[in-house]
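Trainee: The structure's right below; bear with me while I get my questions together.
The values are calculated or read from the model by the stated rules, or taken from the named source; none is laboratory data. These numbers come from a predicted model, not from an experiment. All Cβ positions, glycine included, derive from the backbone under ideal geometry; neighbour counts span all protein chains shown. The accessibility values were calculated without ligands, DNA or RNA, using every heavy atom of the protein model including side chains. Shrake-Rupley method; radii C 1.70, N 1.55, O 1.52, S 1.80 Å.
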Amino acid sequence: LLYRLKGCGCLSKATIDQLPREASVGRMEKGVDGVLEGAMSLPGVQGALAADDQGLCLGAKGTAPAAASGYIAALAHRASQLEPESRFSVCVESEAMNILINADSDATVALYKIPA
Amino acid sequence: MEGEQFESMFDNVLDRVSGLHAVIVTDRDGVIVSKSATPQLPEATEDPAFLATFSLATEQASKLGLSGNKSAVCIYREYQVVHLNHSPLFVSLIASDEANTGLLLGVGEELAEPISKLSAVFRQRTPDFDLQ
């Protein structure tokens, strides 16, 4: 998940190292929750969402709607088909919000950011 | 909305969702009201006995103390089925096991409004068959 946040292009490795890490056996949800909470504290981020490989929502914070997990995962899947086996990021831009999407085979992460 | 318009809407959904084999609307007894399907749809899923199982399951699930059951996702080895309760009608989305389950649930939400209108018509004509 942290790697996917970095892949969204708005986090440096130093920033990621400062994010809370609470993952441990038996508290999987708190780990995801902690990472999304950390992402929310980043400048301009209004919402954060994580989805699994089947488009089911692992967690959503702020303005990111949990119901969008399927669509976000589908976008990432379609983008991956443009250039298989290469890393990619998707940015959906609108007047009100930019949505940065990064994914691998296990999870998809989306950040809802105010346009610069 | 005419029956052909429903099938056209379902055809559009089939094109949009990778791995989706069929969108089937049935009544409580599993009788197909409207259907749009690809050739990959397994024949067993068109059996009224299969399609009617959700109407029974959702009736029981609604008694678990969590208010009415809205949907159920059934994952099989090679397929998955997303059932949606719009009593007296039920929508079944039959897809491959690798299809995007979250997207199927999202599409189910999109279909809620037109299906609800059709359900209202059914409810007027068959007031005894309502599990909501």
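Trainee: Please check: in the Gaussian network model of chain B (C-alpha springs, under 10 Å), which one of B:I115, B:I94, B:I75 has the largest mean-square fluctuation.
Mentor: Highest fluctuation of the listed residues: B:I75.
Trainee: Please average, across the residues of A:61-74, the number of beta carbons from any other chain that are within 10 Å of each residue's own beta carbon, and give a whole number.
Mentor: Shielding by partners across A:61-74 averages 3.
Trainee: Under 17 Å from a label point 7 Å along Cα→Cβ of B:E43: give me every residue in the range B:51-84 with its amide N that close.
Mentor: Only B:51 fall inside the zone, counting backbone N under 17 Å.
Trainee: Counting only protein heavy atoms and using a 1.4 Å probe, what share of the accessible area of the range B:48-107 belongs to carbon plus sulfur, as a whole percent?
Mentor: Looking at the range B:48-107 in its full context, I get 58 percent from C and S.
Trainee: Right, something else. Skip the ligands, DNA and RNA, and give the accessible area per residue of the protein assembly as shown with a 1.4 Å probe, whole Å².
Mentor: Value for the protein assembly as shown: 55 Å² per residue.
Trainee: Also, I was wondering about something else. Excluding ligands and nucleic acids, what accessible area in Å² is computed for B:F50 using a 1.4 Å probe, to the nearest 10?
Mentor: B:F50 has an accessible surface of roughly 50 Å² with all protein chains in place.
Trainee: Using θ = phi - 60° and the Karplus relation 6.51 cos²θ - 1.76 cosθ + 1.60, list the HN-Hα couplings for the range A:100-116 in order, rounded to whole Hz, with x at every Gly or Pro.
Mentor: 9, 10, 9, 8, 9, 5, 9, 8, 10, 10, 10, 10, 9, 10, 6, x, 5
Trainee: Defining a contact as two alpha carbons under 8 Å apart and six or more residues distant in sequence, what relative contact order in percent does chain B show?
Mentor: 24 percent
Trainee: A further question on this structure: Can you bin chain B into rounded, prolate or oblate? Criterion: square roots of the alpha carbon gyration tensor eigenvalues sorted a ≥ b ≥ c, rounded for a/c under 1.5, prolate for a/b above b/c, oblate for the rest.
Mentor: oblate
Trainee: Here is the link list: A:K30/A:K113; A:K61/B:K70; A:K113/B:K70; B:K35/B:K117; A:K61/B:K117. Which ones come out longer than 27 Å on Cα distance?
Mentor: A:K113/B:K70; A:K61/B:K117
Trainee: For B:E78 paired with B:E110, estimate the spin-label separation in nm (one decimal), with each label point 7 Å from Cα along the Cα-to-Cβ line.
Mentor: Modelled inter-label distance: 2.8 nm.
Trainee: Checking the a/c ratio against 1.5 first, then a/b against b/c, what shape does the Cα gyration tensor give for the range A:44-113?
Mentor: Oblate shape, in that a/c is at least 1.5 and b/c is the bigger or equal ratio.
Trainee: Work out the mean other chain Cβ neighbour count within 10 Å for the residues of B:95-103 and drop it here as an integer.
Mentor: 6
Trainee: Follow-up. Hey, what number do you get for the protein assembly as shown at 222 nm if only DSSP H runs of n ≥ 4 count, each worth -39500 (n - 2.57), divided across all residues, to the nearest 500?
Mentor: Result for the protein assembly as shown: -11000 deg cm²/dmol, rounded to the nearest 500.
Trainee: Would you mind checking the range B:1-36 for residues with the amide N under 15 Å from a putative spin-label position 7 Å along Cα→C-beta of B:K117?
Mentor: Counting only backbone N, you get B:1-10.
Trainee: Using the Karplus curve 6.51 cos²θ - 1.76 cosθ + 1.60 with θ = phi - 60°, work out ³J(HN,Hα) for each residue of the range A:34-46 in order, rounded to whole Hz, and write x for Gly and Pro.
Mentor: So the J values, rounded to whole Hz, are x, 5, 5, 5, x, 5, 5, 7, 6, x, x, 7, 9.
Trainee: So, in Å, what gap is there between the alpha-carbon centers of the range B:55-116 and the range B:1-37?
Mentor: Taking the Cα centre of the range B:1-37 as reference, the centre of the range B:55-116 is 14 Å away.
Trainee: Determine ³J(HN,Hα), in whole Hz, for all residues of the range B:100-115 in sequence, where each value follows from phi through the Karplus function 6.51 cos²θ - 1.76 cosθ + 1.60 and θ = phi - 60°; x replaces Gly and Pro.
Mentor: Working through the residues one at a time gives 6, 5, x, 5, 4, 5, x, 5, x, 5, 5, 7, 4, 5, x, 5 Hz.
Trainee: Hey, another quick one. Taking a ≥ b ≥ c as the square roots of the Cα gyration tensor eigenvalues, with a/c under 1.5 meaning rounded and otherwise prolate when a/b beats b/c, else oblate, which class fits the protein assembly as shown?
Mentor: Prolate shape, in that a/c is at least 1.5 and a/b is the bigger ratio.
Trainee: Sorting check: for B:52-63, B:16-27, which peptide has the highest mean count of neighbouring beta carbons within 10 Å, and how do the rest follow?
Mentor: B:16-27, B:52-63
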